[in-house]
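The values are calculated or read from the model by the stated rules, or taken from the named source; none is laboratory data. All values derive from a computational prediction rather than experimental measurement. Quick reminder, even Gly has a Cβ in these numbers, built from the backbone with ideal geometry, and neighbours come from all protein chains shown. Each accessible area value is taken on the protein alone, full model and side chains, heavy atoms only, with ligands, DNA and RNA left out. Shrake-Rupley method; radii C 1.70, N 1.55, O 1.52, S 1.80 Å.
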Amino acid sequence: MDAIMNLMTAQFGEMGPMILVGGLGLVLILATIPMMLSPRKDPLDKLRESANAARNTAATGKALRTSKGNDKLQKYSTFLEPQDETEYSAIRMKLMQAGYRSKEAVRAFHFAQFALGVLFLIGGVIYYLLNLAGKPDTTTQDAMMYILGPGVVGYMIPKYWVTKRQQTRQEEITSGFPDALDMMLVCVEAGQSLDQSIIRVSRELRASYPSLSDEFEIVSYEIKAGKDKPSVLADMGERCGVSDISSFVTVLVQSATFGTSIADALRVYAEEMRDKRVMRAEEKANKLPTKMTLVTMMLTVPPLLIILVGPSVVGIQNLGNM
């Protein structure tokens with residue numbers, strides 16, 4: 001053991017023993033991961049699965065097809081999915097608001113976090129061993145930063161991506177919602193029902209606002225499937241995560257409950273949404289001068305100082321030389 005320590009110290013300097021211990025720990029972690037991801041299946045669960053498979057085969061006359069992507073991560077669901085129902089519901093709702101509505105979205109999200117974290121961690125270790133190990137000025141803090149820093153960045157990349165996509169999608173829905181209300185109002189006043197107007201709006205908005213079009217299309221499919229309209233509209237408000245959609249759902253539900261005209265409710269709410277869009281545009285326009293002030297000063301003041309002060313500096317230098 002002393003010979004190994006002396007060899008590592010001679011090869012990598014004072015950080016050699018720490019690098020050896022860290023490398024052994026990383027190897028042990030990587031060796032433990034397959035065992036954690038492959039839990040032993042209960043024999044009773046195997047019997048139940050075989051019985052269900054036999055029952056489905058006998059009922060349909062052929063084996064049911066399953067998704068290959070689902071099978072790859074299904075056996076790791078205990079490790080990749082939160083066991084707390086509240087936490088699972090929160091991340092599921094966030095992914096739905098970002099546009100990821102598949103059943104495997106939560107599993108794929110956590111797998112991406114885990115895989116990128118491990119890959120970036122390995123990359124940080126390799127970079128440290130090739131460039132910084134053995135240098136006398138390398139401290140323990142530098143080693144931790146260059147090794148653990150990339151791992152943390154890789155772990156946070158999927159979360160940042162989902163958050164950014166969620167914000168972009170909500171902005172698109174907010175921008176296109178007044179146009180959707182105007183189009184829905186025209187369809188209702190032309191004699192179409194609310195269900196037919198939703199289908200028409202989802203088709204017409206496909207080119208301009210695909211996210212909002214997808215939401216209206218989901219609403220139309222759920223209504224066709226027989227789900228009650230208040231629940232469908234409430235689900236739409238949760239999926240979008242936009243306050244304007246939630247208010248719109250409340251207006252439609254109250255209009256259906258009290259028996260008032262849907263066209264009148266849509267007309268009033270569409271006018272309000274147009275006013276809000278103009279107010280948002282004015283707010284952005286009022287913020288623009290403040291945002292441009294710093295940039296203008298950074299790009300204008302230095303050249304102006306060079307033009308004004310430069311000749312004086314050159315003149316003073318010439319007088320000093322004389």
Self-check item: Per-region count, the stretch 119-128, residues hydrophobic (A, V, I, L, M, F, W, C) and buried (at least 17 other Cβ atoms within 10 Å of the Cβ)
Solution: 3
Quiz item: Restricting attention to the stretch 200-243, and to residues there that are among the β-branched types (Val, Ile, Thr) and farther than 15 Å from TYR100 by Cα, which single residue is most open to solvent (accessible area, probe 1.4 Å)?
Solution: ILE223
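Working only within the stretch 202-221, note down all residues that are of a type in the set (Gly, Ala, Ser) and over 12 Å from ILE173 (Cα atoms). Reasoning before the result, please.
Within the stretch 202-221, the first condition is being of a type in the set (Gly, Ala, Ser), and the residues that meet it are 202, 207-208, 211, 213, 220.
If the condition is that a residue be of a type in the set (Gly, Ala, Ser) and over 12 Å from ILE173 (Cα atoms), then SER202, ALA207, SER220 are the ones that fit.
Residue check: is LEU116 surrounded by 18 or more Cβ atoms within 10 Å (Cβ to Cβ) and under 31 Å from the mean Cα position of the chain (by Cα)?
Spelling it out, LEU116 is indeed surrounded by 18 or more Cβ atoms within 10 Å (Cβ to Cβ) and under 31 Å from the mean Cα position of the chain (by Cα).
Just to be sure, is SER202 without any contact (Cβ under 8 Å) to a residue 24 or more places away in the chain and either over 29 Å from LYS229 (Cβ atoms) or not acidic (Asp, Glu) (or both)?
On the way: without any contact (Cβ under 8 Å) to a residue 24 or more places away in the chain: yes; either over 29 Å from LYS229 (Cβ atoms) or not acidic (Asp, Glu) (or both): yes.
Judged against the criteria, SER202 is a match.
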Quiz item: Considering the stretch 86-98 alone, what residues qualify as being surrounded by fewer than 18 Cβ atoms within 10 Å (Cβ to Cβ) and either over 27 Å from ASP214 (Cα atoms) or in contact (Cβ under 8 Å) with a residue 60 or more places away in the chain (or both)?
Solution: MET93
Quiz item: Considering the stretch 187-217 alone, what residues qualify as being of a type in the set (Lys, Arg) and either assigned to a helix (DSSP H, G or I) or within 17 Å of VAL242 (Cβ to Cβ) (or both)?
Solution: ARG200, ARG203
